[in-house]
Amino acid sequence: QVHLVESGGGLVQAGGSLRLSCAASGRAFSSYSTGWFRQVPGKERQFVIGISGRGGRIYYADSVKGRFTISRDNAKNTVYLQMNSLKPEDTAVYYCAADDRIIGITRLDYNYWGQGTQVTVSS
């Protein structure tokens, strides 16, 4: 099993940047694909970006291409989401998710979830 804890959320002005972290407990973290999702009230949780266990494959949602990047440090059991050029529409609760299957882009592809961290982008 993997336990995930997100951090780094907060309030930022449009055009600014934030870096979220997802710290994982458990062994063999490099075997786990990790994704970031986001959710606003009343809407489905949406895929944002994902990275394979060893970092060789990355998937992006079209809405964040060129602005968000993902990286991981398996020695620290941590995945990072760097968010640049933030827009008000990026406001959401951001969730980290992991699974030991091949990297996916839907909620069903991930069995382990963090508790979420709020990101608010003011205009």
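Worth a mention:
- Matching entry among GLY35, GLY104 (being part of a strand (DSSP E or B) and farther than 20 Å from SER123 by Cβ): GLY35
- Number of the exception - VAL48 against (1) assigned to a strand (DSSP E or B); (2) under 14 Å from ARG72 (Cβ atoms); (3) not charged (D, E, K, R): (2)
- Contacts under 7 angstrom Cβ, first residue in the range 100-122 being on the phi > 0 side of the Ramachandran plot, partner open to solvent by 20 Å² or more (accessible area, probe 1.4 Å) and not small (Gly, Ala, Ser), 6 or more apart: GLY116/VAL93; GLY116/TYR95
- Residue list for the range 82-104, restricted to those being aliphatic (A, V, I, L, M), modelled with pLDDT of 95 or more and over 14 Å from LEU4 (Cα atoms): MET83, LEU86, ALA92, VAL93
The values are calculated or read from the model by the stated rules, or taken from the named source; none is laboratory data. Computed from a prediction, not measured in an experiment: that's the story for all the values here. Cβ coordinates were reconstructed from backbone atoms using ideal geometry, including for glycine residues, and neighbour counts include every protein chain displayed. Remember, those area values only see protein heavy atoms, side chains included, never the ligands or the DNA or RNA. Shrake-Rupley method; radii C 1.70, N 1.55, O 1.52, S 1.80 Å.
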